[in-house]
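Have a look at the structure below before the remarks.
The values are calculated or read from the model by the stated rules, or taken from the named source; none is laboratory data. Here the structure is a predicted model, which is why all the values come from computation and not from measurement. Because the Cβ atoms are built from the backbone with ideal geometry, glycine has one as well, and the counts that use them run over all protein chains shown. SASA here: full protein model, heavy atoms, side chains in, ligands and nucleic acids out. Shrake-Rupley method; radii C 1.70, N 1.55, O 1.52, S 1.80 Å.
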Amino acid sequence: MTTIILVIFVTPPRIWIRLDGRKIVKDHKVDAHTFGKLLIQIQKQVNIIAEARYGKTIKPKFRLFLAEIQEGSVEATLEFSGSPTLTELQNWVAETHHQVYQAIQEEDEKTLDKTIIESLKDPLYGYRLLTSIEDVIPPTENYFIGISKDPSEKIIRLKSKQREFVRKMKNKYQQKATVEFIGIITDLHGKDPRYFVIDTTTGERIKVYIPPELEPQIKEYYKTVPVKIKGLMAKKARSREMKELKEVLPQKEIPLDKIGKFLLKEPILIEMEYDMEGNLWILKHKTLSIEGYGKTYKEALKDLEDSLEGLIVGFLAFKDEQLAESAKRIKKELSKYLDLNDFSHKYKPVVVKPLPIKEG
């Protein structure tokens, strides 16, 4: 009996790149800085697409190797590494990379949006990818870069005129990926990689990596005042981490359109403080003489709600002519936010009758 063993070799996908231009390529030589930066950024772009689709753990499987350089030109072939079982995944990444470049060459915003939204899912990955591509687009018309997924196909050329389109799209996805949180910096880690943890008003604990230029501010605000942070963050990240912090500012007030169960006619500005010794959130409105304290923002907000409820009950228990002038001013201020008549059926005033006096 004859046994036939069939061996099928699956060719890994490739990316063909090209540099052309007199000031970059001449006499069969290439500007090493430009060529090296292009190779690094192509690998980075592939990593971003792979991570967006398959997660961080599989990203090393998409490493590129410089397979060959064509004689007499700067045409290089980048080949994916890995086993044949990964070829399908690598083909998807290479195809997505090609589609993005093609949409940029044509400056087709609709197609680029469709590719990023359907393939990368999260605006943060779109921003990171476009940032990397912007970094390799020629700054002048002296040269161009080109890529293709097959040497027989027409090469995609990116020139300096595409920089403005990429910058516009990058800024668009940066805005989509930007998030804001208000909270207290409760943990600060000074060893690299430096980061802090912020306890937010939404009840989350978020790990935030510190860029060197913002480190002095972080130290100043640590456990002293509430802050607002702004940065780039994956929308559906399992671990709540902000890798790119753009801004941190003290946040001494917060606008509220409701306080607990009390819906307000217009937003009210509530002062925020933090007591480092007692580890307490403090919320208060000086004019209304209401305040709330708590170990968390949620607890402080509930205490503020109770304080407001006590104020409402107190005003419903007395007629205006029975109120002191200071109380009348508070009631007038409160009327901007609540109509006390709406609560008269719920909070009926307790009438205290005088005790009978015994005749002795």
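Applying a threshold of 7 Å to beta carbon distances and a minimum spacing of six or more residues, or different chains, the list of pairs starting in segment 43-57 at a residue that is open to solvent by less than 10 Å² (accessible area, probe 1.4 Å) and ending at one that is of a type outside the set (Val, Ile, Thr) and not in a helix (DSSP H, G or I) reads Val46/Leu64.
Scanning segment 268-300 for residues that are over 26 Å from the mean Cα position of the chain (by Cα), more than 18 Å from Tyr221 (Cβ to Cβ) and open to solvent by 70 Å² or more (accessible area, probe 1.4 Å) yields Lys286, Thr287, Ser289, Glu291, Tyr293, Lys295, Glu299. The single condition among (1) surrounded by fewer than 20 Cβ atoms within 10 Å (Cβ to Cβ); (2) assigned to a loop (DSSP other than H, G, I, E, B) that Asp135 does not meet is (2).
Condition check ((1) at pLDDT 90 or above; (2) more than 23 Å from Gly278 (Cβ to Cβ)) across all residues:
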{"site": "Lys172", "(1), (2)": "yes, yes"}
{"site": "Ile185", "(1), (2)": "yes, no"}
{"site": "Phe196", "(1), (2)": "yes, no"}
{"site": "Thr200", "(1), (2)": "yes, no"}
{"site": "Tyr209", "(1), (2)": "yes, yes"}
{"site": "Leu214", "(1), (2)": "yes, yes"}
{"site": "Glu220", "(1), (2)": "yes, no"}
{"site": "Thr224", "(1), (2)": "no, no"}
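Scanning segment 185-206 for residues that are under 21 Å from Lys235 (Cβ atoms) and touching a His at 6+ places or on another chain (Cβ under 9 Å) yields a count of 2. Total residues in segment 102-126 satisfying the condition of being open to solvent by less than 10 Å² (accessible area, probe 1.4 Å) and either charged (D, E, K, R) or more than 16 Å from Arg167 (Cβ to Cβ) (or both): the figure is 1. The residue that is farthest from Ile137 (Cα to Cα), counting only those in segment 37-91 that are modelled with pLDDT under 75 and part of a loop (DSSP other than H, G, I, E, B), is Ser83. Scoring Glu247 on the criteria (1) closer than 20 Å to Phe196 by Cα; (2) surrounded by 14 or more Cβ atoms within 10 Å (Cβ to Cβ) leaves a single failure, condition (2).
Just one of the listed residues (Pro212, Pro267) is in contact with a Pro (Cβ under 9 Å, 6 or more places away or on another chain), outside the structural domain of Lys110 (by the TED database) and without any contact (Cβ under 8 Å) to a residue 24 or more places away in the chain, and it is Pro267.
Any residue at all in segment 138-145 that is part of a strand (DSSP E or B) and within 30 Å of Met276 (Cα to Cα)?
Scanning segment 138-145 turns up no residue that is part of a strand (DSSP E or B) and within 30 Å of Met276 (Cα to Cα).
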